[in-house]
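The values are calculated or read from the model by the stated rules, or taken from the named source; none is laboratory data. Quantities reported herein were computed from a predicted structural model and do not represent experimental measurements. Glycine gets a Cβ as well: all are built from the backbone with ideal geometry, and neighbour counts include every protein chain shown. Each accessible area value is taken on the protein alone, full model and side chains, heavy atoms only, with ligands, DNA and RNA left out. Shrake-Rupley method; radii C 1.70, N 1.55, O 1.52, S 1.80 Å.
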Amino acid sequence: MAEEKSFKYVIVGGGVAAGYAAREFFKQGVKPGELAIISKEQVPPYERPALSKGYIHLDNKATLPGFYVCAGSGGERQFPMWYKEKGIELILGTEIVKADLAAKTLVSGTGQVFKYQTLLAATGSSVIRLSDFGVPGADAKNIFYLRELEDADHLAYAMEVKAKGKAVVVGGGYIGLELSAALKANNLDVTMVYPEPWCMPRLFTAGIASFYEGYYANKGINIVKGTVASGFSTNSNGEVTEVKLKDGRTLEADIVIVGVGGRPIISLFKGQVEEEKGGLKTDAFFKTSVPDVYAIGDVATFPMKLYNDMRRVEHVDHARKSAEQAVKAIKAAEEGNSISEYDYLPYFYSRAFDLSWQFYGDNVGETVMFGDNDPKSPKPKFGSYWIKEGKVVGAFVEGGTPEENQAIAKVARAQPSVESLDVLAKEGLSFATKI
């Protein structure tokens with residue numbers, strides 16, 4: 001039996017939230033030996049968005065250590081040495097399989113026991129796999145998911161081996177759109193498949209989506225909507241050769257990439273912590289219903305002050321900010337101080353080809369489009385506002401300058417009243433920049 005290890009603070013999970021929490025602990029004066037990060041990944045925390053945004057561009061590839069946290073927000077990169085120098089214990093390649101919150105004890109897959117005084121759950125999400133739904137042939141070779149560095153390595157290798165081959169991308173969300181662009185840039189023949197009537201349906205309106213679909217089509221990406229992958233054919237080596245669609249069609253495929261969403265990893269805490277909306281329920285300081293247990297990043301369902309309701313947010317921006325908030329709250333509580341409540345403005349962004357969009361706020365209510373959204377434009381620039389009860393609550397812009405992006409963020413937070421939708425449509429970005 002391995003001896004047990006004891007720490008004042010333990011972060012379980014080793015993604016973006018864990019890395020930013022470690023930095024905040026250091027800023028708050030954590031002492032050597034007090035903090036451990038336990039992660040099933042083999043590498044220290046890194047900026048996960050780099051996997052789809054830079055890592056698989058074979059000609060201009062982002063590689064580690066280039067995107068260790070906190071590179072993605074302009075901070076210092078935290079190499080393994082960084083943790084060592086600070087006396088922060090990085091326990092990698094270690095999966096926690098049991099958490100006893102009453103006894104403040106964690107147990108790893110190899111039976112190693114860890115004790116803590118304060119726990120931060122930063123377990124993140126796992127990808128949803130087609131095999132979860134029993135799709136026949138879904139475990140064939142060259143069917144890829146993208147969540148961890150290892151996934152990206154396997155995919156990058158396959159893209160080189162199958163150069164100029166056929167790729168099928170299953171899913172019309174972020175991963176689908178970003179990876180289709182990357183595959184195309186690496187000279188693969190790309191088909192996207194998704195069941196919804198348009199791409200990014202949770203955020204995009206039909207009007208916004210039709211621009212991106214048109215733009216992708218002009219780049220030679222084939223888009224198949226309104227159906228799903230219902231099976232895969234393989235060759236004698238067990239490699240995928242075809243994607244069978246529910247509507248009866250088949251698509252040739254040398255590589256398949258699946259991006260159909262993720263699920264928060266909360267099974268360790270089941271029955272021990274209050275849950276809400278698929279996550280661990282927290283207050284505005286990321287404290288759960290169990291004393292000394294905090295939840296940050298994808299797994300936290302927290303009060304979103306701006307909209308006066310409980311939300312769970314799967315996004316790197318929130319992973320970073322919730323980590324900082326929780327650590328500040330932990331330190332403040334120890335010192336008998338208080339800090340202000342978390343006040344998050346939802347923010348999403350993506351880059352693909354020469355395109356770059358940002359969204360702030362809430363995508364509810366009526367919508368108005370403005371600007372040039374012709375996919376054939378040399379420099380398309382357009383946007384959308386969401387209006388609820390006479391107020392602008394959300395804003396989106398493609399091709400915005402840093403100042404314009406800041407302006408729409410300001411609008412989404414301020415929620416200005418607006419007389420009519422026509423005014424917004426006419427004024428477009430100038431409505432935001434003059435506020």
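Listed here are the residues, each with its yes/no results for (1) over 22 Å from the mean Cα position of the chain (by Cα); (2) not in a loop (DSSP other than H, G, I, E, B).
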position	(1), (2)
THR227	yes, no
GLY231	yes, yes
VAL256	no, yes
LEU268	no, yes
VAL273	yes, no
ALA284	no, no
PRO291	yes, no
Discussion item. Restricting to the stretch 143-153, and then to whatever is open to solvent by less than 30 Å² (accessible area, probe 1.4 Å) and touching a strand residue (DSSP E or B) at 6+ places or on another chain (Cβ under 6 Å), can you tell me which residue is farthest from VAL316 (Cα to Cα)?
Written reply: ILE143
Worksheet entry | Filtered residues of the stretch 1-40 (kept if within 13 Å of ALA122 (Cα to Cα), assigned to a loop (DSSP other than H, G, I, E, B) and either in contact with a helix residue (DSSP H, G or I) (Cβ under 8 Å, 6 or more places away or on another chain) or not basic (Lys, Arg) (or both)) | GLY13, GLY14, GLY15, SER39
Discussion item. Checking ASP189 against (1) charged (D, E, K, R); (2) closer than 27 Å to THR301 by Cβ; (3) at pLDDT 95 or above, only one condition comes out false. Which one?
Written reply: (2)
Practice prompt. Tally the residues that are exposed (fewer than 14 other Cβ atoms within 10 Å of the Cβ) and on the phi > 0 side of the Ramachandran plot, restricting the search to the stretch 125-142.
Written response: 1
Discussion item. If I go through the stretch 71-122 residue by residue, how many of them are at pLDDT 95 or above, of a type outside the set (Val, Ile, Thr) and within 18 Å of GLN28 (Cβ to Cβ)?
Written reply: 12
Fill in: Within the stretch 373-392, tally of residues that are buried (at least 21 other Cβ atoms within 10 Å of the Cβ) and without any contact (Cβ under 8 Å) to a residue 60 or more places away in the chain
4
Discussion item. Filter the stretch 288-303 down to the residues that are on the phi < 0 side of the Ramachandran plot and buried (at least 20 other Cβ atoms within 10 Å of the Cβ) and list them by number.
Written reply: THR288, VAL293, TYR294, ALA295, ILE296, ASP298, VAL299, ALA300, THR301, PHE302
Item to complete: Sort through ALA122, ALA103, ALA156 and tell me the only one that's farther than 21 Å from SER236 by Cα and surrounded by 21 or more Cβ atoms within 10 Å (Cβ to Cβ).
Response: ALA122
Worksheet entry | When residues of the stretch 42-70 are limited to those that are polar (S, T, N, Q) and farther than 18 Å from PHE144 by Cβ, the one modelled with the lowest pLDDT | ASN60
Worksheet, complete the sentence: Selection over the stretch 71-87 where residues are over 22 Å from the mean Cα position of the chain (by Cα) and not in a loop (DSSP other than H, G, I, E, B) yields a count of 7
Worksheet entry | Scan of the stretch 233-254 for residues that are outside any strand (DSSP E or B), in contact (Cβ under 8 Å) with a residue 60 or more places away in the chain and open to solvent by 30 Å² or more (accessible area, probe 1.4 Å), ordered by number | ASN237, ASP254
Item to complete: Check ARG202, ARG147 and return the single one that is under 18 Å from PRO49 (Cα atoms) and basic (Lys, Arg).
Response: ARG147
Worksheet, complete the sentence: Going through the stretch 379-429 in order, the residues found to be part of a loop (DSSP other than H, G, I, E, B) and under 17 Å from ARG351 (Cα atoms) are LYS379, PRO380, GLY399, GLY400, THR401
Worksheet entry | Test result for LYS434, surrounded by 15 or more Cβ atoms within 10 Å (Cβ to Cβ) and more than 19 Å from ILE208 (Cα to Cα) | no
Worksheet item: If LEU90 satisfies every condition in (1) open to solvent by 40 Å² or more (accessible area, probe 1.4 Å); (2) among the aliphatic types (A, V, I, L, M); (3) not in a strand (DSSP E or B) but one, which is the exception?
Response: (3)
Worksheet, complete the sentence: Quick count over the stretch 148-186, residues being in a helix (DSSP H, G or I), hydrophobic (A, V, I, L, M, F, W, C), out of contact with any His (no Cβ under 7 Å at 6 or more places or on another chain) and over 24 Å from LEU203 (Cα atoms), is 7
Worksheet, complete the sentence: With criteria (1) free of Cβ contacts under 8 Å to residues at least 12 places away in the same chain; (2) touching a Lys or Arg at 6+ places or on another chain (Cβ under 6 Å), VAL190 comes up short on (1)
Practice prompt. Identify the residue in the stretch 334-372 that is free of Cβ contacts under 8 Å to residues at least 12 places away in the same chain and at negative phi and, among all such residues, is most open to solvent (accessible area, probe 1.4 Å).
Written response: ASP354
Worksheet entry | Members of the stretch 404-420 that are within 27 Å of LYS305 (Cβ to Cβ) and open to solvent by less than 60 Å² (accessible area, probe 1.4 Å) | GLU404, ASN405, ALA407, ILE408, ALA409, VAL411, ALA412, GLN415, PRO416, VAL418
Item to complete: Can you tell me which residue within the stretch 99-115, out of those that are hydroxyl-bearing (Ser, Thr, Tyr) and over 28 Å from the mean Cα position of the chain (by Cα), is farthest from LYS270 (Cα to Cα)?
Response: THR110
Worksheet item: Pick from the stretch 175-199 the residues that are out of contact with any strand residue (DSSP E or B) (no Cβ under 6 Å at 6 or more places or on another chain) and surrounded by fewer than 22 Cβ atoms within 10 Å (Cβ to Cβ): which of them is farthest from PRO49 (Cα to Cα)?
Response: PRO197
